[in-house]
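The values are calculated or read from the model by the stated rules, or taken from the named source; none is laboratory data. Computed from a prediction, not measured in an experiment: that's the story for all the values here. For neighbour counting, all protein chains shown are included, and Cβ atoms are generated from backbone atoms with ideal geometry for every residue, glycine included.
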């Protein structure tokens, strides 16, 4: 073993030790997910108690933790956001009176009674079976510790409303199974506007007393809202199972138009029905329905090829990342689908596109790259200063991008004469390059290069006639310290050249390089730590806060903490950084690496943040949670692994 290789191997071992030392070891658990559809047919309105009006001067109705000082309004929102997912997954139609910290009433309705009335009106407008307002209480008796349900079991005509009393008792019984309490309270019958303002069976749920130190200590812990949401969910399920027919009968009496209106199938329901009949993904069906202009199926190869071309343009977020080179040929009564793609989901989609358009007798011969023709050496490093890539294995056939010396590339395919290689570089672009431009490697040698500490060339450096182009990233073999600014760094080269007398290294001035200080905390680790702060936060589409967040919101806020502003959406965030993992090459990741996932139609729809190794944190209904790519890990998700597209490292 040469000195350079030995030094490089030692450097790689030290890098891995540092990488795994930086891995965030955070406890995770699978969130609760309902089984089946026990709430099918239920329409329910949830009201996260308080909100904007609670902050008006003089209002004292909102409770705060006696020690934690946590705001009741925030916990109410967390519980409602979490519960919404459980109810929806169980088949219910769910409405929220508010989804942020604001009043529900319009600006002209300023009084508290008008604000509360606006909340119950939402339940009436939606013809809901139930209205539930979520709260936490306060008491002058600090020892008060229990679940209290507020109700008014009398309707607007003064008649008894037994369903409301039954609702109160059931909710209390089920919530007490999940929420700590020391005493039991009967339902508090009070003519409060939230429970007496409508004849819809209503309940104001007080999970506990914030003035009780024991309850305050529990409810202020991260994730406690999940247990409150679970208890309330179980109570709603039980109420629907035991009194569903009575609730439906009352609803039809209160809202006769419900009984007289025949529901029309939505556009989504129509597409889902067609997709099920044809045996295709509803997502593929939706895309094809929007681009195929005829009611009839395609009738020849030209029309099918046009459909595939349009699909690639309409469905794929970025064809620089996803190779979709699909061809169709008619052989007797069969449609033969061939070609290649670098993503397994698109292999399935290539067949489903034709089915969605009405074609039958389809044979799928699409190859998933990387091709077996490559053998073990499916990786490489660019070994010449600059190399253009092309859309086809022909010099000058549509420029894709330019690769630089030292750039790590993933090999996808090669021509029969091995003159060209199809590669995917760190930028994510795929393209054909002359074979002599790349030093091919197996996975072990590639990992050595991939994980080495690198120096980035700031401006072109000429070593005799060898150009080290600006932007090239080369492994650091040795740093020669100096008392002046003329220190040098020994950089590793993919191959020896005449300018270096055949040696696989070259000296370069420190002043012309960018070297990250090995002693500073990596920005990716800071991003991963920031993401971990959101663990158990409910998933809220469009959210970017501790009260609710979505997937790209989590990725964005995590990297904002590390000093980098990312684009807002997942399909925009893929453009930042360099590719470090693919479905066919998934090494242990570094903390902060962004992981991206596609839907069945091949569109990037989800992102997460690596915690290092094989675990990642992401916002996915019902909450921010941890999953793993390792099938032996209890937090492994087969579905997310199947839909994994690639990982990108925003900053080195």
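Values computed for the structure shown
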quantity: Residue that is buried (at least 17 other Cβ atoms within 10 Å of the Cβ), more than 20 Å from residue 168 (Cβ to Cβ) and assigned by TED's automatic domain parsing to the domain that holds residue 248, where the choices are 102, 127, 119; calculated: 127
quantity: Odd one out for residue 475 among (1) under 30 Å from residue 223 (Cα atoms); (2) touching a helix residue (DSSP H, G or I) at 6+ places or on another chain (Cβ under 7 Å); calculated: (1)
quantity: Checklist (1) assigned to a strand (DSSP E or B); (2) touching a helix residue (DSSP H, G or I) at 6+ places or on another chain (Cβ under 8 Å); (3) touching a residue at least 40 places away in the same chain (Cβ under 8 Å) applied to residue 605, failing item; calculated: (3)
quantity: Matching entry among 169, 173, 186, 216 (being buried (at least 20 other Cβ atoms within 10 Å of the Cβ) and either assigned to a loop (DSSP other than H, G, I, E, B) or not assigned by TED's automatic domain parsing to the domain that holds residue 622 (or both)); calculated: 216
quantity: Top-ranked residue in segment 483-525 [being under 31 Å from the mean Cα position of the chain (by Cα) and assigned to a loop (DSSP other than H, G, I, E, B); ranked as modelled with the lowest pLDDT]; calculated: 518
quantity: Filter result for the condition that a residue is within 22 Å of residue 626 (Cβ to Cβ), touching a strand residue (DSSP E or B) at 6+ places or on another chain (Cβ under 8 Å), at pLDDT 90 or above and in a helix (DSSP H, G or I), over 528, 581; calculated: 528
quantity: Meets criteria (more than 30 Å from residue 308 (Cβ to Cβ) and buried (at least 24 other Cβ atoms within 10 Å of the Cβ)) for residue 607; calculated: no
quantity: Matching strands (runs of 3 or more DSSP E) fully within segment 351-466 where at least 2 residues are closer than 17 Å to residue 492 by Cα and in contact with a helix residue (DSSP H, G or I) (Cβ under 7 Å, 6 or more places away or on another chain); calculated: 379-382, 461-463
quantity: Only listed residue being assigned to a loop (DSSP other than H, G, I, E, B) and either crowded, with 22+ Cβ neighbours inside 10 Å or in contact with a strand residue (DSSP E or B) (Cβ under 7 Å, 6 or more places away or on another chain) (or both), chosen from 195, 179; calculated: 179
quantity: Residues within segment 376-401 that are loosely packed, with under 14 Cβ neighbours inside 10 Å and at pLDDT 95 or above, tallied; calculated: 0
quantity: Count of residues meeting criterion [in contact with a helix residue (DSSP H, G or I) (Cβ under 6 Å, 6 or more places away or on another chain) and closer than 22 Å to residue 543 by Cα] in segment 625-642; calculated: 1
quantity: Hits in segment 332-350 - residues which are farther than 13 Å from residue 298 by Cβ, touching a strand residue (DSSP E or B) at 6+ places or on another chain (Cβ under 8 Å) and not in a helix (DSSP H, G or I); calculated: 334, 336, 338, 339, 340, 341, 342, 343
quantity: Unmet criterion (only one of (1) in the same structural domain as residue 564 (by TED's automatic domain parsing); (2) surrounded by fewer than 20 Cβ atoms within 10 Å (Cβ to Cβ)) for residue 502; calculated: (1)
quantity: Which numbered condition residue 222 fails, given (1) under 30 Å from residue 28 (Cβ atoms); (2) at pLDDT 95 or above; calculated: (2)
quantity: Selected residue (criterion: farthest from the chain's Cα centre (by Cα)) from residues of segment 149-166 that are part of a strand (DSSP E or B) and surrounded by fewer than 23 Cβ atoms within 10 Å (Cβ to Cβ); calculated: 160
quantity: Residue match in segment 597-604 (condition: at pLDDT 95 or above, under 17 Å from the mean Cα position of the chain (by Cα) and outside the structural domain of residue 222 (by TED's automatic domain parsing)); calculated: yes
quantity: Some residue of segment 471-482 being over 32 Å from the mean Cα position of the chain (by Cα), modelled with pLDDT of 90 or more, over 30 Å from residue 609 (Cα atoms) and part of a strand (DSSP E or B); calculated: no
